[in-house]
Amino acid sequence: MKKKKLLWLDDVRNPAEGDWLVFSPIGRNVDVVWVKSYYTFTTWIKKNGLPDAICFDHDLGEDESIERVKKGLSKKQARILKKEAKSGMDCAKWLVEYCMDNELPIPKYNIQSANPVGRENIDSLLKNFIKKNTQQGAQIQ
């Protein structure tokens with residue numbers, strides 16, 4: 001039997017270390033694909049289609065900012081770059097558009113972000129999309 005696929009969006013938390021898979025909405029016995037940025041998230045889905053589930057982080061780009069400061073970038077410039085970096089919320093928005101364009105349901109998901117506002121924003125966006133699609137489906141039938 002083929003294992004379910006979990007797309008793990010997080011720039012810091014390695015899903016293979018510690019107990020991070022406690023966040024998986026489809027269990028721990030899964031094939032995990034770890035993506036760390038908006039670009040790798042969207043590219044993977046465009047190439048492979050939707051996974052069985054997605055775990056979202058909100059704040060992406062922490063490691064990149066730290067590495068750039070270590071290599072000589074000023075902290076001010078690193079903050080500017082971090083603000084310009086796409087977040088997990090941007091990934092969730094892209095996912096909603098992708099699902100609308102392709103008439104697909106949102107995969108099961110969970111959010112492991114330590115950012116409570118970011119976590120709530122992602123959850124609200126996805127729940128609203130799911131609710132809207134469920135209502136439309138009921139009206140069509």
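Quick look at the numbers
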{"read-out": "Of all residues making up the stretch 28-44, the number that are open to solvent by less than 70 Å² (accessible area, probe 1.4 Å), within 13 Å of the chain's Cα centre (by Cα) and either modelled with pLDDT under 95 or not aliphatic (A, V, I, L, M) (or both)", "value": "7"}
{"read-out": "Selection count where residues are open to solvent by 60 Å² or more (accessible area, probe 1.4 Å) and either modelled with pLDDT under 75 or more than 14 Å from the chain's Cα centre (by Cα) (or both), scope the stretch 64-96", "value": "16"}
{"read-out": "Enumeration of residues in the stretch 1-52 that are of a type in the set (Lys, Arg), more than 20 Å from VAL96 (Cα to Cα) and in contact with a strand residue (DSSP E or B) (Cβ under 7 Å, 6 or more places away or on another chain)", "value": "LYS3, LYS4"}
{"read-out": "Count of residues meeting criterion [open to solvent by 70 Å² or more (accessible area, probe 1.4 Å) and either at pLDDT 95 or above or on the phi > 0 side of the Ramachandran plot (or both)] in the stretch 122-132", "value": "2"}
{"read-out": "Residues of the stretch 45-57 satisfying the condition of being within 18 Å of ILE111 (Cβ to Cβ) and open to solvent by 30 Å² or more (accessible area, probe 1.4 Å)", "value": "LEU50, ASP52"}
{"read-out": "Residues being closer than 15 Å to LYS3 by Cα and of a type in the set (Val, Ile, Thr) - total across the stretch 15-54", "value": "5"}
{"read-out": "Top-ranked residue of the stretch 16-27 - restricted to ones that are without any contact (Cβ under 8 Å) to a residue 24 or more places away in the chain and more than 17 Å from PRO107 (Cβ to Cβ), ranked as most open to solvent (accessible area, probe 1.4 Å)", "value": "GLU17"}
{"read-out": "Selection status of ASP59, at pLDDT 95 or above and under 23 Å from LEU126 (Cα atoms)", "value": "no"}
{"read-out": "Every residue from the stretch 37-56 that is among the aliphatic types (A, V, I, L, M) and within 14 Å of PHE23 (Cβ to Cβ)", "value": "ALA53, ILE54"}
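The values are calculated or read from the model by the stated rules, or taken from the named source; none is laboratory data. Quick caveat, the model's predicted, so the values are computed rather than measured. Neighbour counts run over all protein chains shown; Cβ positions are idealised from the backbone, glycine included. Side chains are part of the model used for accessible areas, which takes the heavy atoms of the whole protein and leaves out ligands, DNA and RNA. Shrake-Rupley method; radii C 1.70, N 1.55, O 1.52, S 1.80 Å.
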